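To start, the structure under review is shown below, and the notes come after it.
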Amino acid sequence: MENLRESIGLHTCDQRRTKTFLQNTFPNFVFEDGFTEEDELWGPVWQETHEQQKVRLRTMLDSLWERDGEVFISITAHGGTITAILENVGHRIFNLQTGGLIPVVVRGTRNRVTNPRF
């Protein structure tokens, strides 16, 4: 998923490879709809803040829960991404060590507005 990534900005290590490179390197990988050829999120003059990262990852989580019908989902990510995800799901502060693992169970419920007012 495009939005399931570490911090975005400034450093070239934050820039992802082209879709073609990724498809050739990982031929069995399934890309989400709308995954662009070039990395449109990265740029050499802007650094994402932690709050912006949290918002981006909240959007990713909402998208994941909306489209994925699986009961269990495993996410593998870097520490900053995991920290932002844990904050989004209301988990306590957890300092994950390099190579560490944290199992988290989240029960999702839909919030439906029965009488919206615009």
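The values are calculated or read from the model by the stated rules, or taken from the named source; none is laboratory data. In this text the structure is predicted, and so the values were computed from the model without any measurement. Every residue, glycine among them, receives a Cβ derived from its backbone with ideal geometry; neighbour counts consider all protein chains shown.
For the reader, a short list of remarks on this structure follows.
- Residue satisfying all of: in the stretch 71-97; among the β-branched types (Val, Ile, Thr) and outside any helix (DSSP H, G or I); nearest to Arg56 (Cα to Cα) among these: Val89
Yes/no matrix, rows are residues, columns are (1) in contact with a strand residue (DSSP E or B) (Cβ under 7 Å, 6 or more places away or on another chain); (2) modelled with pLDDT under 90; (3) under 28 Å from Arg107 (Cβ atoms); (4) loosely packed, with under 15 Cβ neighbours inside 10 Å:
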{"residue": "Leu10", "(1), (2), (3), (4)": "yes, yes, no, no"}
{"residue": "Glu51", "(1), (2), (3), (4)": "no, no, yes, yes"}
{"residue": "Thr59", "(1), (2), (3), (4)": "no, no, yes, yes"}
{"residue": "Glu70", "(1), (2), (3), (4)": "no, yes, yes, yes"}
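Table: residues versus (1) touching a residue at least 60 places away in the same chain (Cβ under 8 Å); (2) out of contact with any helix residue (DSSP H, G or I) (no Cβ under 9 Å at 6 or more places or on another chain); (3) over 19 Å from Ile85 (Cα atoms).
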position	(1), (2), (3)
Cys13	no, yes, yes
Gly43	no, yes, yes
Glu48	no, no, no
Gln53	no, no, no
Ser63	yes, yes, no
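- One residue alone among Arg92, Arg5, Arg56 is more than 14 Å from the chain's Cα centre (by Cα) and among the basic types (Lys, Arg), and that residue is Arg92.
- In the condition set (1) modelled with pLDDT of 90 or more; (2) in a loop (DSSP other than H, G, I, E, B); (3) surrounded by 12 or more Cβ atoms within 10 Å (Cβ to Cβ), Gly43 is compliant with all but (1).
- Qualifying residue in the stretch 63-70 (condition: more than 20 Å from Thr49 (Cβ to Cβ), among the hydroxyl-bearing types (Ser, Thr, Tyr) and in a loop (DSSP other than H, G, I, E, B)): no
- Within the stretch 96-108, if we keep just the residues that are out of contact with any helix residue (DSSP H, G or I) (no Cβ under 8 Å at 6 or more places or on another chain) and at pLDDT 85 or above, the residue that is surrounded by the most Cβ atoms within 10 Å (Cβ to Cβ) turns out to be Gly100.
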